[in-house]
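Remarks on the structure that follows.
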C-alpha cells in the first residue's frame, strides 16, 4: 500500500512538473521515465484545479483594488505564467498548421516550426479576447458564477485534451516532441475513470446545473476536433491537444452564458446582457 501511495505522489509531481512551471522536488526529475510521465496524465484535470485555484486567488485579491476588467486580465496572465503558455502555444501552432497546410505533410511540417505565423497570431488574439469577454460578462452578472465556471473550465478542458489522446494515434514521433511520452501508450480504463473523478467532484460540490450542460457542449467540441484532426492528419500531435484544451475551455464559457440566458435558476431567468 505504501508503494502505491509513493507512486501516486510521484505521478502527481510529474504531472505538475510537465504541465506547469511550479517548482517540484528534485527527486521528481531524478525519477523521470516515459512510463511515469504517461501515467501522470491521469492527474491532468487536477492540474486544472491548481491553475484555476491560484489564478482565482489573484482575482479575488485584485478585485478588492482594481476594476473587474483589470482583475480578469491579471487572472488570465497568472494562468499563463503558471503554465508557461503551454496550451496557448499548442493552439497557435495548430492554427498555423491547419490554416496554412493543405496536406498531411505540409500541416505537420508547419506545426514543427517554432515560429508563429499570421494564423497563429490571430488565433491567440481571438481566443484570449473571447476568454476575456466571456469572463467579463459572467463576472458582471455574478462573481460566484464566473469563478465556478472558470474553475470548471480549466478542469474539464484538461480532461478532454487528455482523453482525446485515447481515441487518436500519434502521427509525429520524434525526439524533439514534448508530448512523445504521453502519446506512446494509453491510459487504462481504470486510470481514465480515476482522472474523470476530478471532473465529477466540481460538478457535485459547485452544485451548478449550467456546468453539466456546458460540459456536454465542450465534449461535443472535443469530438468535432477529434474527427477534424483524424481527417486531415490521421491522428494528433501535442499541439492538437493544446488546441483541444483551449477550445474546450472556451466552450464551457460560451455554453454557460448561452444556457444562463434560457434556463431558469432559483425560479427565474437572468439573462446576460
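Laid out as a table, the results:
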read-out	value
When residues of segment 19-41 are limited to those that are more than 23 Å from residue 200 (Cα to Cα) and in contact (Cβ under 8 Å) with a residue 24 or more places away in the chain, the one surrounded by the most Cβ atoms within 10 Å (Cβ to Cβ)	37
Test: residue in segment 235-253 that is out of contact with any helix residue (DSSP H, G or I) (no Cβ under 9 Å at 6 or more places or on another chain) and assigned to a helix (DSSP H, G or I)	no
Count of residues meeting criterion [part of a helix (DSSP H, G or I) and either out of contact with any helix residue (DSSP H, G or I) (no Cβ under 6 Å at 6 or more places or on another chain) or closer than 19 Å to residue 142 by Cβ (or both)] in segment 65-82	11
Residue list for segment 199-215, restricted to those being more than 14 Å from the chain's Cα centre (by Cα), touching a residue at least 24 places away in the same chain (Cβ under 8 Å) and part of a helix (DSSP H, G or I)	202, 203, 206, 209, 210, 211, 213, 214
In segment 42-64, the residues that are part of a loop (DSSP other than H, G, I, E, B) and touching a residue at least 12 places away in the same chain (Cβ under 8 Å)	63
Some residue of segment 204-213 being at pLDDT below 95, touching a strand residue (DSSP E or B) at 6+ places or on another chain (Cβ under 8 Å) and within 24 Å of residue 146 (Cβ to Cβ)	yes
Options 101, 90, 85; residue that is more than 20 Å from residue 245 (Cβ to Cβ), modelled with pLDDT under 95 and either in contact with a helix residue (DSSP H, G or I) (Cβ under 6 Å, 6 or more places away or on another chain) or surrounded by 15 or more Cβ atoms within 10 Å (Cβ to Cβ) (or both)	101
The one condition in (1) within 17 Å of residue 128 (Cα to Cα); (2) modelled with pLDDT of 95 or more; (3) buried (at least 19 other Cβ atoms within 10 Å of the Cβ) that residue 48 fails to fulfil	(1)
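One line per residue, one yes/no per condition, for (1) surrounded by 15 or more Cβ atoms within 10 Å (Cβ to Cβ); (2) at pLDDT 85 or above; (3) part of a helix (DSSP H, G or I); (4) on the phi > 0 side of the Ramachandran plot:
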residue: 139; (1), (2), (3), (4): yes, yes, yes, no
residue: 145; (1), (2), (3), (4): yes, yes, yes, no
residue: 176; (1), (2), (3), (4): no, no, no, no
residue: 191; (1), (2), (3), (4): yes, yes, yes, no
residue: 197; (1), (2), (3), (4): no, yes, yes, no
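The values are calculated or read from the model by the stated rules, or taken from the named source; none is laboratory data. From a predicted model like this one, the values you see are computed outputs, not experimental measurements. With ideal geometry, Cβ positions are generated from the backbone for all residues, glycine too; neighbour counts draw on all protein chains shown.
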